[in-house]
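Take a look at the structure below.
The values are calculated or read from the model by the stated rules, or taken from the named source; none is laboratory data. Keep in mind it's a predicted model, so treat the numbers as computed, not measured. Every residue, glycine as well, gets a Cβ built from its backbone with ideal geometry; the counts of neighbours run over all protein chains shown.
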């Protein structure tokens with residue numbers, strides 16, 4: 001069974017993208033704060049400040065170039081090194097701008113928050129230890145800032161340090177809420193994708209086990225079918241002068257041969273790729289083949305067919321699994337309505353739609369909820385409970401959809417939708433074979 005696995009974006013790469021955005025916000029805020037302090041005539045050491053900010057700008061440029069290389073893998077260690085570089089740049093900046101008394105010292109928490117959410121525990125604790133060590137050193141070693149206390153702004157006396165702390169809290173709260181939410185969403189999406197992959201893997205294992213059981217059953221059923229074929233041939237010789245019984249026996253022999261053909265097909269085609277599993281034909285011919293093969297197995301049920309009158313007849317692969325899936329649906333309809341069933345087929349350039357209607361009792365809500373589960377059958381002991389399940393798996397592999405509902409005028413209506421791109425034979429470009 002083929003499984004279309006989702007393309008997973010590297011979570012470390014996504015975290016590096018968000019770190020790039022976070023660092024950009026930090027740089028913009030530091031530049032704005034620096035300009036504000038200059039405006040208030042508070043002297044700052046220009047060269048150390050320019051050095052720290054330029055270092056973060058250079059790091060962001062390297063990150064941007066790194067992210068543009070689509071085929072390069074990003075690991076947690078690279079994110080850790082970038083966060084350590086951010087701590088180093090912040091430490092240089094704070095050392096020359098008041099140390100632990102700098103109102104922007106809260107920015108130490110931003111790289112630490114990213115590490116706590118995006119990196120494994122050992123890296124997060126390492127970054128926390130480095131941040132604490134840097135902050136602790138700034139308590140004792142720093143270049144003090146003068147005139148960073150009371151300033152008269154618009155007639156009001158304000159403590160610049162306290163104002164800086166308030167602005168820092170507002171900005172940090174917004175940044176943490178935004179980026180941590182984004183990183184958490186990334187992790188949740190990744191968990192959902194992994195859960196989806198696990199479900200598909202379990203589904204694949206279940207289908208593989210069913211295939212193994214089918215091959216084993218094909219091997220075991222070969223002997224009794226051969227015995228039945230020999231006995232029916234001998235009975236045909238004995239019933240030469242009894243045409244009514246001979247006619248019924250001929251039906252039995254046809255069904256035996258059909259069973260042997262199905263079993264041979266299971267063992268012969270096991271493991272083949274889709275390209276080898278069928279042959280190309282027109283869509284109309286494909287539908288005719290499906291219905292004719294089914295009529296051979298259920299001659300007692302009238303099958304009324306209506307096909308659209310489009311002039312288009314796209315070439316498709318006549319996938320044997322798809323043929324069997326459609327025959328399963330016809331069998332279910334005939335079991336519910338042995339006298340007559342209806343089949344309608346319509347298509348356009350993109351989509352093929354097939355609807356099958358029976359005239360039986362319909363389906364209850366309880367049955368509708370459980371349809372498609374393996375080994376669930378609405379036919380009690382007469383069904384194996386695999387027809388709809390295998391049909392759904394086949395249609396899912398081909399990108400199709402299956403829906404079963406009650407018809408407004410009675411009976412059940414089974415609808416199949418298939419994208420023709422999944423079935424169509426694509427011609428190779430000229431010059432290629």
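Would the range 98-111 turn up any residue that is within 32 Å of the chain's Cα centre (by Cα) and modelled with pLDDT of 80 or more? Yes, the range 98-111 contains at least one residue that is within 32 Å of the chain's Cα centre (by Cα) and modelled with pLDDT of 80 or more. Consider the range 327-359 and keep the residues that are in contact with a strand residue (DSSP E or B) (Cβ under 7 Å, 6 or more places away or on another chain) and in a helix (DSSP H, G or I). The one that is surrounded by the most Cβ atoms within 10 Å (Cβ to Cβ) is 333. Out of all the residues in the range 93-111, which are assigned to a helix (DSSP H, G or I) and buried (at least 18 other Cβ atoms within 10 Å of the Cβ)? Correct list: 93, 94, 95, 99, 105, 107, 108, 110, 111. The residues of the range 302-326 that are more than 17 Å from residue 413 (Cα to Cα) and not in a helix (DSSP H, G or I), listed by number, are 308, 309, 310, 311, 312, 313, 314, 315, 316, 317, 318, 319. Taken together, the residues in the range 286-319 that are more than 14 Å from residue 341 (Cα to Cα) and touching a residue at least 24 places away in the same chain (Cβ under 8 Å) amount to 18. Quick one: in the range 45-84, which of the residues that are surrounded by fewer than 17 Cβ atoms within 10 Å (Cβ to Cβ) and part of a loop (DSSP other than H, G, I, E, B) is modelled with the lowest pLDDT? The residue in question is 71.
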